1. Which is surrounded by 13 or more Cβ atoms within 10 Å (Cβ to Cβ) and either farther than 29 Å from residue 202 by Cα or more than 28 Å from the chain's Cα centre (by Cα) (or both), of 96, 128?
2. Which pairs have Cβ atoms under 6 Å, sit 6 or more apart or on different chains, and link a residue in the stretch 66-82 that is within 21 Å of residue 127 (Cβ to Cβ) to one that is outside any strand (DSSP E or B) and modelled with pLDDT under 75?
3. Can you give me the number of residues within the stretch 221-247 that are surrounded by 15 or more Cβ atoms within 10 Å (Cβ to Cβ) and without any contact (Cβ under 8 Å) to a residue 12 or more places away in the chain?
4. Among the residues of the stretch 204-220, is any assigned by TED's automatic domain parsing to the domain that holds residue 113, buried (at least 23 other Cβ atoms within 10 Å of the Cβ), in a loop (DSSP other than H, G, I, E, B) and modelled with pLDDT of 90 or more?
5. Taking helices (runs of 4 or more DSSP H) that fall entirely within the stretch 40-148, which contain at least 3 residues that are under 21 Å from residue 186 (Cβ atoms)?
6. Does the stretch 177-192 include one or more residues that are part of a helix (DSSP H, G or I), under 17 Å from the mean Cα position of the chain (by Cα) and modelled with pLDDT under 95?
7. Would you pick out the residues in the stretch 149-175 that are in a loop (DSSP other than H, G, I, E, B) and out of contact with any strand residue (DSSP E or B) (no Cβ under 8 Å at 6 or more places or on another chain)?
8. Of the conditions (1) within 26 Å of residue 270 (Cβ to Cβ); (2) buried (at least 24 other Cβ atoms within 10 Å of the Cβ); (3) modelled with pLDDT of 90 or more, residue 146 clears all except one; give me its number.
């Protein structure tokens, strides 16, 4: 990568690399190593193939700001094939893909976007006369690693929703009998920074980032959305919206009662926002519950407004009044509860669960009086 050609200073470039290191859960001091790798290493070859999908993940990649798309594909990686972005078409495109595979055998990164239909031999998705199922398997056998980008490639996504007539299947299941690592980067669409950070980790350390049990990079999918949600303080305080447009909704209260799936969905949506456009770039920021698009068996499988089961209840001592004056001193009773240590935490968890049920029941009574 020639940073002079990019019109940025060495100092700014090192700042960017240090920030990327921190984002991946690494010490900021490793930013120098990332910079050296980006400048000196041969750009990794990336082959991007698409099956049952809406092209949303490519569209999100088009909106990268740091780096921009042109920097990404011309300076950071070598995007040797993409049905959406490549210049050649038809036989020329297929020849370019095969040439990239032969030249980089065992070294290129295969990006799979979209679910893979397997029913009836995979006939429901064909490209250049070949089923997408065959294309994925034939290409993956020569890849260094496979990145399944988006929820369709990671879990099956929209195409796999019941009754799943095409047998839409995620990449990791299609490739489970092959000796190739599969990294899932779910989301609908997936955050492009989660993708580029995974590629940069591979470029810098010649290894993939640490993955969880579902093949997701821990730096991006290690925490529940509920833990970092901008509305979490309202959840802890017992302030909820019960209907779209009600007073709680207008005031920005927690959306749990409207079916928010943040408590069961692992992703960094609240902390790594889309398109550098601020909090309005993700559902909760716009006033709509998270629908769990990036979590297996949640998004596209559980009804949109069904309440999620709380996995990690808040450990707070209780709820203040909704209209309590800011800065009201803590009461003696509350201080005593706080001083009870572990007992308070366990007790508070039970109180939270009870109050959640009570709030829901009270609302139901108000809406349907006897």
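The values are calculated or read from the model by the stated rules, or taken from the named source; none is laboratory data. Predicted, not measured: the structure shown is a model, and the values here were computed from it. Here the Cβ is made from the backbone with ideal geometry for all residues, glycine too, and neighbour counts use every protein chain on show.
1. Details: 128 fails: surrounded by 13 or more Cβ atoms within 10 Å (Cβ to Cβ).
None of the others qualify; the one that does is 96.
2. Filtered contacts from the stretch 66-82: 79/73.
3. 0
4. yes
5. Details: elements: 56-62, 91-103, 132-140.
The helices (runs of 4 or more DSSP H) meeting that bar are 56-62, 132-140.
6. Residues of the stretch 177-192 part of a helix (DSSP H, G or I): 192.
In the following step, the residues that additionally are under 17 Å from the mean Cα position of the chain (by Cα) were identified as 192.
If we keep only those that are modelled with pLDDT under 95 too, we end up with 192.
So far as the stretch 177-192 goes, yes, one or more of its residues are part of a helix (DSSP H, G or I), under 17 Å from the mean Cα position of the chain (by Cα) and modelled with pLDDT under 95.
7. Going residue by residue through the stretch 149-175, those that are in a loop (DSSP other than H, G, I, E, B) are 150, 156-157, 161-167, 170, 175.
Matches in the stretch 149-175: 161, 162, 163, 164, 165.
8. Only one criterion in (1) within 26 Å of residue 270 (Cβ to Cβ); (2) buried (at least 24 other Cβ atoms within 10 Å of the Cβ); (3) modelled with pLDDT of 90 or more is unmet by residue 146, namely (1).
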